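Taking it in order: structure first as structure tokens, then the write-up.
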Amino acid sequence: MTARWIVCVAALAGCTFDDPDLGAAKFKCDAAHACPDGQACVAGVCGGSGSNVATFDGVKCGAATCTAGQQCCAGPLLAATCQPAGTACTANGEAAATCDGVEDCPADQACCGASDAACGAASCTPRACQSVDDCTGGLGCCRDLPYLSWGYCGAC
């Protein structure tokens, strides 16, 4: 028994647990479980703010443009406003976006969502868009909700 214990301790001695890379990790979130700093809770999943993207050009938000670390909150009852990423949008029925097109996300991701939008898997559907150039496969940039400054890729 003692020999096994020594072997186990020796095996563990070579293991390190220094700063794991969680860059691709996705975290669930809700009113009781906040996202890490710089991320927003969109459709129950924490999403990036675009701050790690060289081409991030901001999120169009009504007359304003939200910067890295912010999200656009827009709804049918309240004018669109930029708020810190990770905070809950306050009005009933508001949508949140930390991206509004593929330019706001890392090269291996897309801006995912229709009303709520955040960077996610490149294969996600629907994708958020500013123009038809953000869409693939002959899809248009649909704008069904007039209070949003972004649309979604679909058959409009």
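The values are calculated or read from the model by the stated rules, or taken from the named source; none is laboratory data. Predicted, not measured: the structure shown is a model, and the values here were computed from it. Neighbour counts are summed over all protein chains in view; Cβ atoms, including those assigned to glycine, are modelled from backbone coordinates with ideal geometry.
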**OP:** Starting from residues that are more than 12 Å from residue 100 (Cβ to Cβ) and either in contact with a Gly (Cβ under 9 Å, 6 or more places away or on another chain) or aliphatic (A, V, I, L, M) (or both), keep the ones in segment 50-63 and report whichever is modelled with the highest pLDDT.
**Re:** 63
Original post:
Does residue 100 fit the bill of being charged (D, E, K, R), in contact with a Lys or Arg (Cβ under 8 Å, 6 or more places away or on another chain), over 23 Å from residue 33 (Cβ atoms) and part of a loop (DSSP other than H, G, I, E, B)?
Top reply: yes
Subject >> Subset of segment 71-85 that is outside any loop (DSSP other than H, G, I, E, B) and hydrophobic (A, V, I, L, M, F, W, C) - its residue that is surrounded by the fewest Cβ atoms within 10 Å (Cβ to Cβ) >> reply: 82
Subject >> Options 68, 121, 88; residue that is surrounded by fewer than 20 Cβ atoms within 10 Å (Cβ to Cβ), over 15 Å from residue 147 (Cβ atoms) and modelled with pLDDT of 90 or more >> reply: 121
Original post:
Just checking, how many residues over segment 103-116 are touching a Cys at 6+ places or on another chain (Cβ under 8 Å) and either among the hydroxyl-bearing types (Ser, Thr, Tyr) or not in a loop (DSSP other than H, G, I, E, B) (or both)?
Top reply: 5
Original post:
Would segment 107-117 turn up any residue that is of a type outside the set (Lys, Arg), buried (at least 21 other Cβ atoms within 10 Å of the Cβ) and over 30 Å from residue 32 (Cβ atoms)?
Top reply: no
